[in-house]
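Okay, so here's the structure we're looking at.
The values are calculated or read from the model by the stated rules, or taken from the named source; none is laboratory data. The structure displayed is predicted, hence computed values, not measured ones. Methodologically, a virtual Cβ is constructed for each residue, glycine included, from the backbone with ideal geometry; neighbour enumeration extends over all protein chains shown.
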Amino acid sequence: MQIVLPGALPAAREARELTSYLQDAAPTLLRWLEEGRATTIHADPAQAGCTPYEQWQLAARGFKPKSGQNLSAGLAPLWAATAAKSSEPLWLAELVHVSPSRDGAALLPARELDITPEQSVALFDSAQSLFTDTDFTLHSYSTEHWRIGLPAGFAPRCASPSLVSISSVNEWWPQDISSRPWRRLLNELQMLWFEHPVNQERYRQSLVPINSLWLFGGASTAQLTPADPATAVRTYDQLLGPSLSQDWNGWLLALKQLEATVFLPLATGASPELVLTGSDRIIEVKPAALARWVRWLPGNRQAWRKWWSPQN
């Protein structure tokens, strides 16, 4: 079994502060860390265009970007789980909220907007008229994502909505001439949706409006390998929110809850493989042979601290 914990790796300074609390919050997890063999994988979101967790997901499916693509290009085919194998590029647009911020503009991804299927359909129907006389095509896909057909020769390097939501829209907003038709289309869409009944109703419900789309993808389903059916992967993202907001008390509370509901029930069986992600690295921890007695050798029990809170 493989347990994936996005947000489980604080930055080095915070990790050192939290070390003394781990025994109380999650003793089972701590034992797995002490007994396991860790591998560190570097992650550079600025280069990859996606979060470390998304990088791990893509690596697990054998994704290799082609020339001109970054890693985030693989997210569209990755999330299109039911799409047939094809060499055609797949582009998705996520329904988002964009608003001014101190750094230019901030983005809220679809997962934070509580979009209903009815709202998505109504916005899709209104958007179709704008796409009619353009070189872009719009196709229904899911409540949070629509499929976009791009004109020939236009293949921007995009970032994932998740990464943009924790950085700034301005860092990823395309400014080149080739992107001008897409920017113009988005401006028209934002004006159309400003007074849209869906958003008027959302205002009445004290919800932020759905006022834009975020384009990403560009890779094909043929660039992914099939998921391994023999590997049982369980992902628990309760640590991610507190980690992103630097709420370490909330992070410890979420860790305690995971200990009670996930880790402790597995304590008497074989140790699982662990995948922990942070802001710039991924740690894979695999059970080591003879781990239960090796951990008591001098220094071995504390070896995990070297990667948990690296000094450099």
Any residue at all in the range 113-122 that is under 18 Å from the mean Cα position of the chain (by Cα) and in a helix (DSSP H, G or I)?
-> no
How many residues of the range 177-201 are in a helix (DSSP H, G or I), charged (D, E, K, R) and either more than 17 Å from residue 131 (Cα to Cα) or in contact with a helix residue (DSSP H, G or I) (Cβ under 8 Å, 6 or more places away or on another chain) (or both)? The answer is 2
Enumerated helices (runs of 4 or more DSSP H) restricted to the range 202-312, each holding at least 3 residues that are modelled with pLDDT under 90 = 291-294, 305-308
So which residues in the range 152-172 are surrounded by fewer than 21 Cβ atoms within 10 Å (Cβ to Cβ) and either among the hydrophobic types (A, V, I, L, M, F, W, C) or within 16 Å of residue 97 (Cα to Cα) (or both)?
-> 152, 154, 155, 166, 167, 168, 170
Would you mind finding the one in 8, 76, 93 that is crowded, with 20+ Cβ neighbours inside 10 Å and assigned to a loop (DSSP other than H, G, I, E, B)?
-> 8
Do we have residue 82 as assigned to a loop (DSSP other than H, G, I, E, B), of a type in the set (S, T, N, Q) and at pLDDT below 95 here?
-> yes
Assess whether residue 230 counts as being among the aliphatic types (A, V, I, L, M), without any contact (Cβ under 8 Å) to a residue 24 or more places away in the chain and loosely packed, with under 15 Cβ neighbours inside 10 Å.
-> yes
Hey, residue 149 hits all of (1) within 30 Å of residue 67 (Cβ to Cβ); (2) surrounded by 15 or more Cβ atoms within 10 Å (Cβ to Cβ); (3) touching a strand residue (DSSP E or B) at 6+ places or on another chain (Cβ under 8 Å); (4) of a type outside the set (Phe, Trp, Tyr) but one; which does it fall short on?
-> (2)
Could you look through the range 138-176, keep only residues that are aromatic (Phe, Trp, Tyr) and in a loop (DSSP other than H, G, I, E, B), and pick out the one that is nearest to residue 186 (Cα to Cα)?
-> 173
Within the set of pairs 6+ apart or on separate chains, which have a first residue in the range 52-73 that is farther than 13 Å from residue 162 by Cα, a second that is among the aromatic types (Phe, Trp, Tyr), and C-beta atoms under 9 Å apart?
-> 57/63; 71/63; 73/63; 73/216
Given the conditions (1) without any contact (Cβ under 8 Å) to a residue 12 or more places away in the chain; (2) surrounded by 17 or more Cβ atoms within 10 Å (Cβ to Cβ), and given that residue 175 satisfies all but one, which numbered condition is not satisfied?
-> (2)
Return yes or no: is residue 116 in the same structural domain as residue 207 (by TED's automatic domain parsing), of a type in the set (Ser, Thr, Tyr), surrounded by fewer than 21 Cβ atoms within 10 Å (Cβ to Cβ) and touching a residue at least 40 places away in the same chain (Cβ under 8 Å)?
-> no
Name the single residue, out of those in the range 251-292 being hydroxyl-bearing (Ser, Thr, Tyr) and closer than 23 Å to residue 163 by Cα, that is surrounded by the most Cβ atoms within 10 Å (Cβ to Cβ).
-> 277
Residue identified as in contact (Cβ under 8 Å) with a residue 12 or more places away in the chain, surrounded by 15 or more Cβ atoms within 10 Å (Cβ to Cβ), of a type outside the set (Ser, Thr, Tyr) and over 20 Å from residue 164 (Cα atoms) among 43, 25, 48 | 25
Flag for residue 17 being at negative phi, loosely packed, with under 15 Cβ neighbours inside 10 Å and acidic (Asp, Glu) | yes
Has the range 191-205 got any residue that is under 22 Å from the mean Cα position of the chain (by Cα) and β-branched (Val, Ile, Thr)?
-> no
